[in-house]
Every structure is written in C-alpha cells, then in structure tokens.
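Engineer: I am attaching a structure below and will ask some questions about it afterwards.
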Amino acid sequence: MCLTRFWFMLFVGFWLTSCSHIAYFVNETVLTPFMTAPYPDGIPKRPKKAMSGSEFIRLTEGKSKEDREFIILRELRRGNIPTFLKELQPVYLTLKKGNDVIHRGTVWVMPDYLAIGRDGDFVRIPMNPLTAQRVADYFGFSLPTKKLVDEIYRQAEVKLAPSPLPPGDQMVDSSYYSKHDRIIAKQLKSISPGSLTAGHKKDVVLTNRLDSMPRRVAIYGWHKAPIKPAEDAEPIQSLSLVHGNKYADYSHGIRLFAKTMIVDGDEIPVAEVLQNPELSGLLSDEGIITKTRISTDCPES
C-alpha cells in the first residue's frame, strides 16, 4: 500500500471512529462494503452479564430523556438484544407496470421491534430517531419506509391489535414503555419469538418530507386488521412529522432491515435501490428517497 493511501485510510478510520459510525457517508447516503444478504453479523454478540429488560426499566425510571437515550445507545451497541431479533425474516416485494411484474425484490427484516435485554426478559424499546439511526449505522442496517411498513404488516405471520394507552405526560416515561410492552407480551403469550410480527407499534420511518421538515421524527403505522378480508389494513397513524427529533413515546418502535437486498436475482445495496428512479418503487411510494438515512449531526454523535 502506498504511503499516501495509508495516511488517507488512517484518516478515514479516525473520522469514522470519532463519529461512532461503521459506514462511509457521502451526501447522507451510506455506502457499505458489499455483503451477502441477509446480514445480521454486524450486531455484536450480547455480553453474558448485560442487563435484562426489567433491569433496564428500573435503571432508567426517573432519569432524563437524554440520559435514557444514552443508555439505550450504549446497550444496543453492546449487542444487548434478545437472540431472536437476529433471525431476520424475508419480505417479498414486487413492482408492476399495469398487470405485469417488472421487478421483484426481497429484503430481510427483524421479526419484531428493537428490544433491550435477553431472551425471556426484554423490553421493546422506543427511542428518538437520532438514536435509532445511530444504532442502524452501527449494526449495518436501515430504517424502513412507509411502503415497507405496509408490506411487513401485509406479510406478517402474526398480526397484533394495536393497544393504545391513555395519553398524557407519562407517554414518554420508562414505566409506560414497560406497561405497553407487558400488554404486547400477553398478546404473544402462546407464540414463539421469531415470527414476523406487526401491528403493535408505530414505526419510525424514512420519508422525503424530512427534506422540508428537518429535525423531526417521522412516524407511521400501527395497523389495524381490516373489517373485510379483501380490504387492506389501515394504519391508525398516518405519516406524521409533528414531533421534534428528540421525541419518543411508548407507541414508537424501531424495525431495522438488512442494508443489502435482492433485486431480480442480484444483490444490491438498499440505498442504491432507494435512489434509483426505476427500482425505488420496490421500497417507496414517494419515488426516489433523497436521503437514505436520518441526519445525526455527526459531531454530536
């Protein structure tokens, strides 16, 4: 390796470490090394003595939102998630022109929302979009689009009824996070973890509306089963950017999916598909997605 290239790579490595990202960023597009889909290997192995979900709730009760987000990021970067979340599930996509299918795709998604803890004692954990994107970057995953959220619900093996809790200031407290998760756990009592499950949270999503409304959190979903079998499920939460990007409440969930997908038999990075005018329709109902990740303001990461 020539000396100039050595110093360049050393500089890049230092910059990535200082920003706490394992990726290369160019105009907000993540460029990752080519990888085989699906790709859960970027998630660290959970430490044996990592805290459980119930311990996380006890630790964060009464703490500020900022302190809780710091602990969430720390625990997830340590790989403190239940094992079943690494068992990615395929979601199949088609793009039609008239009645003809012109492109087919497959993505691999986490079977449930991000959670902290071990198998048997974990909590599905809401977080603001900045934390969510930093975790996605660290794991080498992506956040979903609105269209992908719809497809995940449509293809989910387990569809749960949404369970809204009474609104109020307590919506952002760890105790409410835990309360809502216990409701979900009861719904899933007879179902083994690892099945593709949807309907129980709103998703934090990518959308072009963030271009004109930066520093917001985009949420969408919480589908309810249709009244008639032939009808599509309707989301309780239409696409909303009401809250700022430091906001999270009990109803939010983070569903990550692998950054490499299959399109017409070829492996292609998700970011490339999202910015391709011909292929973006596989993942997006907004046309191309101009920014394939949420800006995290790297110096503050």
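Engineer: With respect to the numbered conditions (1) hydroxyl-bearing (S, T, Y); (2) outside any helix (DSSP H, G or I); (3) modelled with pLDDT of 95 or more, which one is the sole condition not fulfilled by S54?
Structural biologist: Failing condition for S54: (2).
Engineer: Checking R74 against (1) charged (D, E, K, R); (2) assigned to a helix (DSSP H, G or I); (3) in contact with a strand residue (DSSP E or B) (Cβ under 8 Å, 6 or more places away or on another chain), which single condition isn't satisfied?
Structural biologist: Failing condition for R74: (3).
Engineer: Inspect all residues belonging to region 259-274 and state whether any of them is in contact (Cβ under 8 Å) with a residue 12 or more places away in the chain, of a type in the set (A, V, I, L, M, F, W, C) and part of a loop (DSSP other than H, G, I, E, B).
Structural biologist: no
Engineer: Same structure again: Give the residue, chosen from I294, I288, that is of a type in the set (A, V, I, L, M, F, W, C), part of a loop (DSSP other than H, G, I, E, B) and in contact with a Ser or Thr (Cβ under 6 Å, 6 or more places away or on another chain). It would help to see each step written out before you state the result.
Structural biologist: Values: I294 fails: in contact with a Ser or Thr (Cβ under 6 Å, 6 or more places away or on another chain).
Only one candidate passes the filter, namely I288.
Engineer: Here's a check for you: in region 130-142, which residue that is more than 9 Å from the chain's Cα centre (by Cα) and in a helix (DSSP H, G or I) is nearest to S54 (Cα to Cα)?
Structural biologist: Applying the filter and picking the extreme gives T131.
Engineer: Using beta carbons and a limit of 8 Å, which pairs, at least six apart or on different chains, have the first residue in region 93-115 and over 23 Å from D137 (Cβ atoms) and touching a residue at least 12 places away in the same chain (Cβ under 8 Å) and the second one part of a loop (DSSP other than H, G, I, E, B) and not small (G, A, S)?
Structural biologist: Listed by first residue and then by second, the contacts come to L93/L283; L95/L279; H103/D264; H103/E278; H103/L279; R104/D264.
Engineer: Does region 263-286 include one or more residues that are touching a Cys at 6+ places or on another chain (Cβ under 8 Å) and either of a type in the set (S, T, N, Q) or over 30 Å from K65 (Cβ atoms) (or both)?
Structural biologist: no
Engineer: Let me spell it out: the conditions are (1) under 19 Å from P90 (Cα atoms); (2) without any contact (Cβ under 8 Å) to a residue 60 or more places away in the chain; (3) surrounded by fewer than 17 Cβ atoms within 10 Å (Cβ to Cβ); (4) of a type outside the set (D, E, K, R), and Q155 meets all of them except one. Which number is the exception?
Structural biologist: Q155 satisfies every listed condition except (2).
Engineer: Residues of region 91-132 being charged (D, E, K, R), surrounded by 21 or more Cβ atoms within 10 Å (Cβ to Cβ) and farther than 17 Å from T60 by Cβ, which ones?
Structural biologist: Across region 91-132, the qualifying residue is only D112.
Engineer: If you check V123 against the conditions, is it touching a helix residue (DSSP H, G or I) at 6+ places or on another chain (Cβ under 8 Å) and either in a helix (DSSP H, G or I) or at pLDDT 95 or above (or both)? Walk me through it before giving the result.
Structural biologist: Values: touching a helix residue (DSSP H, G or I) at 6+ places or on another chain (Cβ under 8 Å): yes; either in a helix (DSSP H, G or I) or at pLDDT 95 or above (or both): yes.
Answer is yes for this residue.
Engineer: Still on this structure: How many of the residues in region 77-107 are touching a Gly at 6+ places or on another chain (Cβ under 8 Å) and outside any strand (DSSP E or B)?
Structural biologist: Total meeting the criteria: 5.
Engineer: Would you tally the residues in region 158-185 being part of a helix (DSSP H, G or I) and among the charged types (D, E, K, R)? I'd like the intermediate steps shown before the answer.
Structural biologist: Applying the first criterion (part of a helix (DSSP H, G or I)) to region 158-185 yields 169-172, 174-185.
Okay, now just the ones that are also among the charged types (D, E, K, R), so 169, 179, 181-182.
Within region 158-185, residues that are part of a helix (DSSP H, G or I) and among the charged types (D, E, K, R) number 4.
The values are calculated or read from the model by the stated rules, or taken from the named source; none is laboratory data. Just so you know, these numbers come straight off a predicted model, no measurement behind them. Please note: Cβ atoms are built from the backbone with ideal geometry, for glycine as well, and neighbour counts cover all protein chains shown.
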